[in-house]
């Protein structure tokens, strides 16, 4: 006989029929890439989710978990605790803002024993370069989230060339002066990246701009490469592991691959 499954926190009209034979409450939840999750890709780590979009969808509601979760995860507290980490292992979260970061962090905190943080394997930070520095904020929420995701293996930062330079003193031959690696590391608190001991790949979505390339006392492109080399060498020295790092350059324009102008906010 079919039974009702009603996601907790949702409208009762969303209840749906599920055959008991499809899910045995005494067994482990099915894998995300199994037929128990129709509509989701049947390959690992292929689902990319936007934390900002999920945060906005939950605004002015009592629900504080992403609406993208499969109904099975929301059927009961027990299933939420057991099935949600399985779902998270096959996703990459896109973080576009501080509020989106906090939304995802608070959601992961609802899963006991840090299983939510441990399950996250991929993060993409499209606003990383707009961080205003530790002296202003006191902490870097993006790196804090990375550090708490102890199973994190893949991370991507968007980084504008502008953040690698600073105005040159009056009387200088050039308009801008490159920041040193130490200045960049201290500004963002990048030492914390080495606490992500499971990290395997780092991708820099780098934004080029001719003003800084031609009016600077050095090459911002080379300075970003120096920063990436510093990270790779740091993982090798501290953890004895090789992190694969890639820089993907593009000109200063909005993305055309489906991401919105919010990338720059």
Return the whole-Å distance between the Cα centroid of region 64-107 and the Cα centroid of region 180-211. 26 Å
Residue 232 versus residue 48, label points 7 Å from Cα toward the beta carbon: distance in nm? 2.3 nm
Label-point separation in nm, residue 137 to residue 217, each point 7 Å along Cα→Cβ: 2.9 nm
Using a 10 Å cut-off around each Cβ, can you sort 176, 137 from fewest to most neighbouring Cβ atoms? 137, 176
Once you place label points 7 Å from the Cα toward the Cβ at residue 246 and residue 191, how far apart are they in nm? 3.1 nm
Using the 10 angstrom Cβ neighbour count as an exposure proxy, how do 93, 130, 210 rank, fewest first? 210, 130, 93
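Laboratory data are not the source of any read-out in this text; all were calculated from the coordinates shown. Owing to the predicted nature of the structure, the values given are computational and were not obtained by experimental measurement. Cβ: placed from backbone, ideal geometry, glycine included. Neighbour counts: every protein chain shown.
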